[in-house]
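The values are calculated or read from the model by the stated rules, or taken from the named source; none is laboratory data. Here the structure is a predicted model, which is why all the values come from computation and not from measurement. Virtual Cβ from ideal backbone geometry, glycine too; neighbours counted across all protein chains shown.
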Amino acid sequence: MLNLRKPQTVAAANGVATDSAFGAVTPPLYMSSTYAFAGFEKAGAYDYTRSANPSRDMLADTLAKLEGGAGAVVTSSGMAAIDLMLGLLGRDDLVVAPHDCYGGTYRLLAARRDRGHFKVEFVDQNDDAALSAALAKSPSLVLVETPSNPLMRIVDIKRIAGRAKAVGAKVAADNTFLSPALQRPILLGADFVIHSTTKYINGHSDVVGGAVIAASKADVEALAAWANVIGVTGSPFDAYLTLRGVRTLFPRIERQQSNAAAVAAFLEGHSLVAAVHYPGLKSHPGHELAKAQQAGFGAMLSFELAGGVENVRRFVEAVGIFTLAESLGGVESLVAHPTSMTHAGMSAEARRIAGISDSLLRLSVGLEAEADIVAGLESGLAAVAAGSRSQKAS
Ligand SMILES: *Cc1c(COP(=O)(O)O)cnc(C)c1O
C-alpha cells in the first residue's frame with residue numbers, strides 16, 4: 001500500500017485502487033465467513049472472518065494510520081472496543097477512570113469491578129490531588145476521555161500520560177467526541193485510542209461499531225488475539241459502510257464544527273440561556289488547553305436553559321431541525337436531554353455531583369445550513385419565551 005502521509009489523504013484514499021482481481025477503485029466488500037485453503041496444510045492469508053477479514057482489515061489499517069498507531073482491532077460496538085481492552089487486565093490490576101466518563105463506560109467498569117475482574121477508581125482527573133492519590137496505588141491502566149460528555153470538560157492528555165507512565169501505567173484515550181481529524185492521543189503519549197465508530201468515524205447514524213488502536217505492535221497482537229477468543233470483531237458489511245463514512249470525515253467535521261461555533265455564539269448571547277459549554281468559547285475553562293491539544297473545537301456542545309424542566313419540554317418540542325435522540329456525530333443535528341435520556345441511569349445525586357442539571361441540553365451539530373440550524377434554535381427559544389409569558393399571565 002502507498003505510504004500516504006497526510007491524514008486527509010489517508011481518510012479519502014487509503015486502499016483505493018489496490019484490488020488485484022479486477023482493478024476495483026473502491027476496496028471490495030468481502031462478506032465470506034470462511035476462506036479456501038490453497039492445499040492440505042496450506043492456509044491462505046485469511047481462514048475465518050471472526051479472526052480476520054479483508055474489508056475489516058482495510059478499515060482497521062485506515063484508522064491505525066489516522067491515529068498514528070501500529071494497528072487496530074475493529075469491534076462490533078464502542079462498548080465492545082472498551083471491553084476488549086479491559087480484557088487484557090487481571091483481577092489485581094487497577095483502572096483509573098474519569099468520574100464523568102461516558103455512562104456506558106461507567107456501567108461496564110463498575111459491573112466488572114463488582115464481579116472481581118479488576119479494580120477501579122473513578123477520579124476527577126483535573127483535580128491534581130485526587131489524581132496523585134490514585135496514581136500512588138500503581139494502576140495498570142489510566143483511561144481518559146476528553147472532551148467529556150455532556151459538559152465538554154477538557155483534560156491534558158500529555159500531562160496525564162506522562163504521570164501515568166512514571167508509575168508504569170498504560171494510558172487509553174476515548175477519542176469518540178473529536179475523531180483523529182481533531183485530536184491524536186497517541187502523539188500525546190497514549191498507548192491506546194478507543195472509538196465508538198458509531199459516531200463521527202462512520203458519521204451517518206446507520207452503523208454501530210467500535211475500534212481500539214494501539215501504539216505498539218505487541219499490544220495490537222494481544223488485542224487481535226483476544227478479540228478472536230471472545231468473538232467481538234465487527235461485521236464486514238459494517239466495516240465497509242464505516243470506511244465509506246471515513247472517506248468524508250475531514251470535510252464533515254470541519255463543516256460541522258463551524259456550524260457548532262455559530263450555534264455556541266448564538267446561544268451565549270441569548271437571555272434564556274444560563275450557560276454554554278463549548279471549548280471554542282473563551283469563557284470555557286478548558287479553552288486554552290483545547291486550543292493547544294486539539295486541531296479544532298468539535299461539533300458537540302451543551303447548554304443550560306433558564307427556568308426548569310417545563311422550559312426544556314417547550315424547547316425540544318419546537319426546536320425545528322434538531323431531532324430529539326441519543327447518539328451524536330452524524331450528519332444530522334440532534335438534541336438530547338441528559339437527565340431523562342443519556343444519563344438517566346445515574347442517580348440524581350450522582351448527576352448533581354457531576355454538574356449535570358435538569359435544564360442541561362446537549363447538541364450534536366450537523367451538516368445542515370447554518371441559518372436553518374440557528375433558526376431551529378430561535379424557534380425553540382421563542383416557544384420557551386411564549387410559554388413562560390403565558391404561565392405568568394395565568
Ligand atoms: C457512544 C460512546 C461509546 C459507546 O459506543 P457504542 O458504539 O454505543 O457501543 C463510548 N464512548 C463514548 C465517548 C461514546 O460517545
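Filtered by the rule that a residue be more than 16 Å from the ligand (Cβ to nearest atom) and free of Cβ contacts under 8 Å to residues at least 24 places away in the same chain, the range 295-338 gives Arg313, Thr323, Leu324. When Leu182, Leu178, Leu188 are checked against the criterion of being under 30 Å from Ala264 (Cα atoms) and buried (at least 24 other Cβ atoms within 10 Å of the Cβ), Leu178 stands alone in meeting it.
Hey, can you tell me all the residues within the range 163-195 that are closer than 23 Å to Gly103 by Cβ and without any contact (Cβ under 8 Å) to a residue 60 or more places away in the chain?
Val171, Ala173, Ala190
Entry remark, the range 66-83: residues being surrounded by fewer than 23 Cβ atoms within 10 Å (Cβ to Cβ) and more than 11 Å from the ligand (Cβ to nearest atom) number 3 in total. Right, Phe315: aromatic (Phe, Trp, Tyr) and closer than 22 Å to Thr198 by Cα or not? Against the criterion (aromatic (Phe, Trp, Tyr) and closer than 22 Å to Thr198 by Cα), Phe315 does not qualify. Report, ordered by the first and then the second residue, all pairs with beta carbons closer than 9 Å, sequence separation of six or more or different chains, a first member in the range 196-210 that is in the same structural domain as Glu67 (by TED's automatic domain parsing), and a second member that is near the ligand (Cβ under 7 Å from one of its atoms) and among the aromatic types (Phe, Trp, Tyr). Listed pairs, sorted by first residue: Ser196/Tyr102; Lys199/Phe177; Tyr200/Phe177. Of all the residues in the range 100-122, those that are of a type in the set (A, V, I, L, M, F, W, C) and part of a loop (DSSP other than H, G, I, E, B) number 2.
Looking at the range 203-223, which of the residues that are closer than 16 Å to Met79 by Cα and of a type in the set (A, V, I, L, M, F, W, C) is surrounded by the fewest Cβ atoms within 10 Å (Cβ to Cβ)?
My answer is Val208.
Select from the range 193-247 the residues that are at positive phi and within 15 Å of the ligand (Cβ to nearest atom) and list them in ascending order. Within the range 193-247, Gly203, Ser205 qualify. Just one of the numbered conditions (1) of a type in the set (Gly, Ala, Ser); (2) within 15 Å of the ligand (Cβ to nearest atom); (3) over 26 Å from Lys217 (Cβ atoms) is not true of Gly116: (2). Among the residues of this structure, Asp47 counts as one that is away from the ligand (no atom under 16 Å from the Cβ), touching a residue at least 12 places away in the same chain (Cβ under 8 Å), more than 29 Å from Leu188 (Cα to Cα) and out of contact with any His (no Cβ under 6 Å at 6 or more places or on another chain).
Within the range 46-99, being charged (D, E, K, R), in a loop (DSSP other than H, G, I, E, B) and under 22 Å from Gly116 (Cα atoms) holds for Arg91, Asp92, Asp93.
Looking across Ala21, Ala17, one residue alone is modelled with pLDDT under 95, over 27 Å from the mean Cα position of the chain (by Cα) and more than 27 Å from Val232 (Cα to Cα). It is Ala21.
Considering each of Val96, Val155, Val167, Val123 in turn, give the residue that is over 24 Å from Gly245 (Cβ atoms) and within 16 Å of the ligand (Cβ to nearest atom). Please lay out each step first, then the result.
Values: Val96 fails: within 16 Å of the ligand (Cβ to nearest atom); Val167 fails: within 16 Å of the ligand (Cβ to nearest atom); Val123 fails: within 16 Å of the ligand (Cβ to nearest atom).
The conditions single out Val155.
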